[in-house]
Structures are given as structure tokens and as C-alpha cells.
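Working notes, structure below.
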Amino acid sequence: MTGDAGEEKKSTARSGHYVGKLMVLIGAIVLVPILSLPFFPGDREYLSAFLIPGGLSVLAGGFIWWLRSKPDGADRMDTVGRNSLTVVFAWCYGFVLGALPLVLGHQLTFVQALFEAVSGFTTTGLSTMDVSVTPHVFLFHRGFMQFCGGLGFVMVMLLFVRGRSGRELFSAEGHPDQLSPNIGRTARIIASIYIGFTAVGTILYCICGMNFFDSLIHSMCALSTGGFSNRVDSIGAYNSLPIEGVTIGLMLIGTTNFAILWFLVRGKFAQVFKTSEVRLMLALTIIATPLIAVGLAQGLVRTFPEGLRVALFNVASAISTTGYSTVSYANWPPYALGVMIILMFIGGGVGSTAGGLKLSRCVILLKILKEQIHSQIAPGARIPKPTYRDAFGPVTIDERMKTSILGFFTVYTLIFVVGTLGVAVTAGCDLTSAMFEFASSLGTVGLSIGITGPATGGPQLIVEMIGMGLGRLEIFVVLVGARSGYTWMRDTMRLWNGPMRARLAAQKTAAK
């Protein structure tokens, strides 16, 4: 075997090893809703809908994991492209597997079920299900998909299994901050914070009057900034100020970078409020809330204080990319919808469960704009390099960072424009509605102006699914993974076609 062929074999073994682990993990996630069946005996008829896809995935993944147990040194064959391909495969596999129980349980068509799974795992919250008639086990399945999607498949995998490539996979999935030199300990810290806040949220919801099942689902979905609800009217169905207050708190915690949350739970509040993205989030909330409240007070609500209450909740839902709502957006004034679109476009914190362009990128873009304006006004002046502050302190914005941020902003905006036109064509709606809906999809928000639901057609759902997938996996991960997949398939074909062609040539020579 040649050196290149040997390296390719080792690299393929490493990929298969982690693919097997992820298949086992995703299969286990699909099996978890079965634990709710003793509490809802009427749903036991749906046992096979979860047992078949989840069990087969665990068995197939375990076999691949065992088959591809790699020799020492195989981890050194890692590449950014191969990591991205592994992450993209895991998420696409998760989407399909998460959809199967909904199909096997005769709840949705395949396209609708796939949309629901994509919306769940990407923590978006747009839905095609009529939750008023959905069995409890499927409501739990939706909520648990969002809970796991908030952490990410690689993050959950690192809680149970170790590997020297874990660090690269962790970064490829979109987790920029490592809270400990040991990647496994980082995963455990983040999971502890996440589970702890979920437990606190569940208790607070119960105190505020929700039943335990609704409390658990809403806590999981608020903290994951997902937004799936067990009620048709979302949080608005409860008409409770305390419940809205708990939800706002969970949504803002969920949209905050895990590194910042680590300082928050350790009581380092001054360090938390010094960070640039927290300051921008608070500033946007303070500015947007009264702007929307004024518009709502002009006919949609009775008083300005009531308008403030509605505006604050929905602003927090938009900027955190959660998607919970307390009112319908059908009659909102256009400028208020415009503010909401901007907030959904910006999104939450990098390294959080939120989607969108991300607050830290917006801070950097503003710093770059300020620098450019300064250089135009005073061409000869010496301008210091701009900085922003993350959880660990000041960071200088160098040329490489500028190029990266501007490139991402350009691609994100282009996708937003194309996706908006796609929704407008497939839904047959006006441009404002299409912008609102695709901003919600690409930002993994989940708010809807009313054109996404059980009656939505397949083409529109596909456009929105593409937006949700690109938004959750940060666009470039998908592009790099797709390119790596193409390269891998091409090289694999060459690897196996070479010996085959040689054998055919030898057979022809022998025949002569």
C-alpha cells in the first residue's frame, strides 16, 4: 500500500470512529422520550416509533464505532475540512433521525417532520404541528431535541466519550471558548451550567402556576433559545406576568456566551457587564422596547405600560433568537416589524445557544465603521487599533479579524436576501412578511408572522430549512464540510478505482 493510501485509510478510520460515536449518541437522544411513557400511558402505542429508529441507530453506530477503532496516531491525520464534514454529517443525520418518530407515529408527512426536526435541533422553534392535539410523548420529543440542539451533538458526545480530536470537533461545531485546558472538563462545566439553569427555570415555572410537564418543556426550550411551546398561543396563552418574567430571564441567559455565564455563576458580575456583547444586548433592549411600545400603544394595546410589557417580552425573544411570543404579529405596524427583523438579524452571543449574525460580530462591525469614519475625517491622524472586550478581557481587532467578520457579514446578508426572495416566491406573500419569516429562519429565532404552520407548502418549508441549517452551523462550517465531502468522495473513488483498473488491464493483457 502506498504512503498516501495508508494515510487515507487511517484518516477514514478516524472519521468513521467519531461518526459511529455520534450515531450512537443521536440514537440515544431519540430513545429518551420513551422515558415519558409511564407518565402518559395513553401514548404507549407510539413506543415503536421511537424504538425502531433510535435502536437501529445505536446498533449501527456501535458497529461502526467498533469497526473503525483506530490505531494510535490516527488522530494526527485530522483536518479542518474533515472535522467540518463530520459535524455536518452528524447534524444532517440528526435531522433525519429526529424526523422519523413523527413519521412512524403518523403525526406529520416526511417533509413536515423533517422541518420539525430541523427546527428542533437548530433551536429555531418554527413549527408545522398542531400542539393542541399532539400526544405528550411527541411534545417531549420536540422539547428534548431543542434542549440537546442548544448544547450541540459534539458537546453532548464529549460528556461521555473522550478523544484527542475532541478539541477540533468542538471548535468546528461553533464553540469558540474553552473554559478549561481539558476539553472534557469544559464540556462538563457548560453542561452543568445548562442543566442547572434548566432545573431552576422548571422550579420557577411551577411556582408561577404551570404544571410540571409544561414547566420542564418551556424551561428546556427557553434556555436553549428554541421556543417550542405546548400551547398554540405560546407564552401568551398563560397571560401571566410572572411566567413572562421567568421566560425573559431564561431567554437572556440562553443567549449569553457560556464563558460569560461561567463568570456569572461564579459571582464575577463586574466582569460580565464589562463585556462588549452584554452591553450591546442591553443597549438594544433598552432602545427597541420603547420604540415598539409606542407603536403598540396606538391601537393594539390599551395603555403604554401594557405596550411596554408586550414589547419587552417580544424584544427579548427576538434578540435572544428564542421565538416565544405573547401576541400575534399580524396587525403590528410596519416599523415595529422592521425593528424586530433587525433584532432577529443581529441575534445573540457567540458561543451561546442563540443564532443570528451574533452580537460580538456586530460590535466588531461597529468598531470597524467607527475607525473608517475617523480615518476619513482625519486622514493624517494616528488611529489606534480598535478593540472589543470578550469574557476574558480586551481583544485587538486585527486585519485578519476584520477580513473574517466582513466576509461572514457579506455572505450572511446575501443568504438573507436570497432566502427572503425564496420565501416570497414559495409563500406568495409580501416582501415584509418574507423578510420577517426568513430572518426568523436564518437567525434560528422561530417567530412567525403567520405564514409558517400546518398548512405551509413543502417548497417554503425547504427554503426555511436551508436557512435554519446554515444559521445554526455558522455557514462556513457547512461550506467547508460540503467541499471536504466532495474531495473525500473524489479521493475515495480514485483510491479504489486505481487497483481495479490495474486488475482489468492485467486481465486484458492475459487474454491477449
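Answer yes if at least one residue in the stretch 339-360 is in contact with a Gly (Cβ under 9 Å, 6 or more places away or on another chain), of a type outside the set (A, V, I, L, M, F, W, C), farther than 23 Å from residue 221 by Cα and part of a helix (DSSP H, G or I), and no otherwise. Checking the stretch 339-360: at least one residue is in contact with a Gly (Cβ under 9 Å, 6 or more places away or on another chain), of a type outside the set (A, V, I, L, M, F, W, C), farther than 23 Å from residue 221 by Cα and part of a helix (DSSP H, G or I). Confirm whether residue 295 is modelled with pLDDT under 90, within 23 Å of residue 242 (Cβ to Cβ) and not in a loop (DSSP other than H, G, I, E, B). For residue 295, the condition - modelled with pLDDT under 90, within 23 Å of residue 242 (Cβ to Cβ) and not in a loop (DSSP other than H, G, I, E, B) - is not met.
Among the residues of the stretch 104-126, those identified as crowded, with 24+ Cβ neighbours inside 10 Å and either more than 27 Å from residue 18 (Cβ to Cβ) or acidic (Asp, Glu) (or both) are 115, 116, 125, 126.
When the test is whether a residue is within 25 Å of the chain's Cα centre (by Cα) and touching a residue at least 12 places away in the same chain (Cβ under 8 Å), residue 294 does not pass it. Going through the stretch 273-284 one residue at a time, which ones are crowded, with 19+ Cβ neighbours inside 10 Å and either within 21 Å of residue 342 (Cα to Cα) or at pLDDT 95 or above (or both)? Result: 276, 277, 278, 280, 281, 284. Return a yes/no flag: does the stretch 309-317 have any residue that is of a type in the set (Phe, Trp, Tyr) and modelled with pLDDT under 95. The answer is no; no qualifying residue exists. Cβ-Cβ contacts under 8 Å between residues 6 or more apart (or on different chains), taken from a first residue in the stretch 415-428 that is under 19 Å from residue 454 (Cα atoms) and surrounded by fewer than 19 Cβ atoms within 10 Å (Cβ to Cβ) to a second residue that is at pLDDT below 95 and of a type in the set (A, V, I, L, M), are absent. Looking at the stretch 449-475, which of the residues that are of a type in the set (Gly, Ala, Ser) and under 17 Å from the mean Cα position of the chain (by Cα) is nearest to residue 117 (Cα to Cα)? The qualifying residue nearest to residue 117 (Cα to Cα) is 469.
The rows are residues; the columns are (1) of a type in the set (Lys, Arg); (2) farther than 24 Å from residue 194 by Cα; (3) touching a strand residue (DSSP E or B) at 6+ places or on another chain (Cβ under 9 Å).
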| residue | (1), (2), (3) |
| --- | --- |
| 259 | no, no, yes |
| 272 | no, no, no |
| 278 | no, no, no |
| 292 | no, yes, no |
| 342 | no, yes, no |
| 353 | no, no, no |
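Would it be correct to say that residue 15 is at pLDDT 90 or above, buried (at least 18 other Cβ atoms within 10 Å of the Cβ), within 28 Å of residue 475 (Cα to Cα) and among the polar types (S, T, N, Q)? So residue 15 does not fit the description; no.
The values are calculated or read from the model by the stated rules, or taken from the named source; none is laboratory data. In this text the structure is predicted, and so the values were computed from the model without any measurement. Reconstructed Cβ throughout: ideal geometry from the backbone, glycine too, with neighbour counts over all protein chains shown.
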